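These notes are about the structure you will find just below.
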Amino acid sequence: MSTSVKVKTITMREAIVEALHEEMERDEKTVLFGEDVGKFGGINAITRGLYEKFGGKRVFDTPIAETTIVGAALGMAITGLRPIPELQFGDFVGIAFDEVFNKLGKWRFMHGGQMEVPVTLRLPVGIAGGAGPEHSQSPQALFMHAPGVKIAIPSTPYDAKGMLKTAIRDNNAVLFFEHKLLYAMKGEVPEEEYLIPLGKADVKKEGKDVTIIATALQVQTSLEAAEKLAKLGVEAEVVDPRTLAPLDMETILQSVRKTGRVLIVHEEPKTGGCGAEIAAQISEQALFDLQAPIKRIGSPDVPIAQSIYLEQFYRPSEDQIIEAVKELMEY
């Protein structure tokens, strides 16, 4: 951010709430709905104050029926509204899979562009303290195989606000994944309005020895690991794709060609995770720039434990990242 821009320090939760407030104020066609998002203010307190400000016609509760929530959003979108549905837990997007996979992403194209589908589907994801195997997952990689939808996954309050405002204004469907443990994270956000384009990665930390490509909470874990690596004499560059679709390979490849070593870190299972696609594209386009084989760290291919102690073994750790980088440097 420019030094002339006035900033304030707020949490990612507050940044998302601000984005929703501002966009609903800007466009009366925006409507927000989901389970407990009305008077209660949302299970993660993201929609607090919206019902009181915009009323029950624009902010309303739904039954626990994910297919209906997403299907209704599609219907509203193609008839002129700009819906922002919320699923309490991103895990349950599977119940609405047909509505997302076959309709949100495809209907604009199936109908020759005669209709637009400006739906922003908000999906909280990630481990957040003993929520169990059906309330802690990170299913975003599933939708990299769903042409037609955009996938946003912010890692800071600044990114969350700017990307959400852009997503709401987009005339295509955007799946907006929010890691639950980032809601309380604080960061600087401009006081004036700003937008962040979808499809533009961000270099969170510059370095020359190794590129760490990380998403969501793992961006923060990687930045902490990079600080410790610096004390060992290793300068790690941390790249946050910010959107998985479209995927900004230009920025990723630029970093890879500079460092020659790549580690990809994400919380979803390693098998079939977003790292697999990113690694494949790097191999196709920059194989001979690499000084070592690409490494990936994902979560193990097991259901997430209910125990708050055991679930900690599921999420990639700072120590894992440091060890993997050491192996890359010694290759």
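The values are calculated or read from the model by the stated rules, or taken from the named source; none is laboratory data. Just so it is clear, the structure is predicted and the values come from calculations on it, not from any experiment. Cβ sites come from the backbone with ideal geometry, for glycine too, and all protein chains shown count toward neighbours. For accessibility, only protein heavy atoms count, side chains too; no ligands or nucleic acids. Shrake-Rupley method; radii C 1.70, N 1.55, O 1.52, S 1.80 Å.
Of the heavy-atom accessible surface of the chain (probe 1.4 angstrom), what whole percent is carbon and sulfur? Ligands and nucleic acids excluded, carbon and sulfur give 53 percent. Shape of segment 188-243 from its Cα gyration tensor (a ≥ b ≥ c, root eigenvalues): rounded if a/c is under 1.5, otherwise prolate when a/b > b/c, or oblate? Since a/c reaches 1.5 and a/b is larger than b/c, the shape of segment 188-243 is classed as prolate.
With the alpha-carbon atoms of segment 233-301 aligned to their principal axes, the span from lowest to highest coordinate is 31, 29, 20 Å, starting with the largest.
Relative to the globular-protein estimate of 2.2 N^0.38 Å, the Cα radius of gyration of segment 164-278 stands at 1.11.
A quarter of the convex hull surface defined by the alpha-carbon atoms of segment 1-87 gives 6.7 nm² as the mean projection.
Each label point was placed 7 Å from the Cα along the Cα-to-Cβ direction; for Asn102 and Val5 their separation is 4.3 nm.
In this structure the amide hydrogen of Val31, modeled in the peptide plane, comes within under 5 Å of the amide hydrogens of Arg82, Ile84, none closer than 5 places in sequence on its chain. Between the amide H of Ile297 and those of Ile264, Val265, His266, distances stay under 5 Å, these residues lying 5 or more places away or on another chain, with hydrogens modeled in the peptide plane.
Can you tell me how segment 48-151 classifies by the Cα gyration tensor, rounded, prolate or oblate, using a/c under 1.5 as the rounded cut? Oblate, because a/c is 1.5 or more while a/b does not exceed b/c. Per residue, the average separation of C-alpha pairs within less than 8 Å and at least 6 apart gives the chain a relative contact order of 16 percent. Please tell me which of these pairs span more than 31 angstrom C-alpha to C-alpha: Lys165/Lys228; Lys106/Lys165; Lys29/Lys150; Lys6/Lys200; Lys39/Lys186; Lys180/Lys295? Among Lys165/Lys228; Lys106/Lys165; Lys29/Lys150; Lys6/Lys200; Lys39/Lys186; Lys180/Lys295, the Cα-Cα distance tops 31 Å for Lys165/Lys228. Per-residue packing, averaged as other Cβ atoms within 10 Å, sorts the ranges 317-323, 167-173 into the order 167-173, 317-323, beginning with the highest. Among the GluC sites (Glu not before Pro) within segment 176-277, those in coil by DSSP and having at most 15 neighbouring Cβ atoms inside 10 Å are Glu191, Glu192, Glu193, Glu206, Glu235. Couplings 3J(HN,Hα) of segment 175-192, computed from phi: 8, 10, 8, 10, 6, 4, 6, 8, 4, 8, 5, 9, x, 7, 9, x, 6, 8 Hz, in residue order, whole Hz [Karplus 6.51 cos²θ - 1.76 cosθ + 1.60, θ = phi - 60°; x for Gly and Pro].
Translational diffusion coefficient of segment 291-331 (Stokes-Einstein, Kirkwood radius from Cα pairs, 25 °C, 0.890 mPa s): 209 µm²/s. For segment 1-82, the solvent-accessible area with a 1.4 angstrom probe is 50 square angstrom per residue. Each peptide in 146-158, 293-305 was scored by the mean count of other Cβ atoms within 10 Å over its residues; highest first, the order is 146-158, 293-305. What segment 158-308 shows is 39 Å² of accessible area per residue, with the surface traced by a 1.4 Å probe over protein heavy atoms.
Once backbone amide H atoms are built at 1.01 Å from N, Gln291 has Arg261 as its partners under 5 Å, excluding neighbours fewer than 5 places away on the same chain.
Model label points for Asp36 and Ser317, set 7 angstrom from Cα along the Cα-to-Cβ axis, are 3.2 nm apart.
Both numbers refer to the Cα atoms of the chain; Rg and Dmax are 19.6, 61 Å. For the pair Ser307 and Phe60, label points projected 7 Å from Cα toward Cβ lie 4.6 nm apart.
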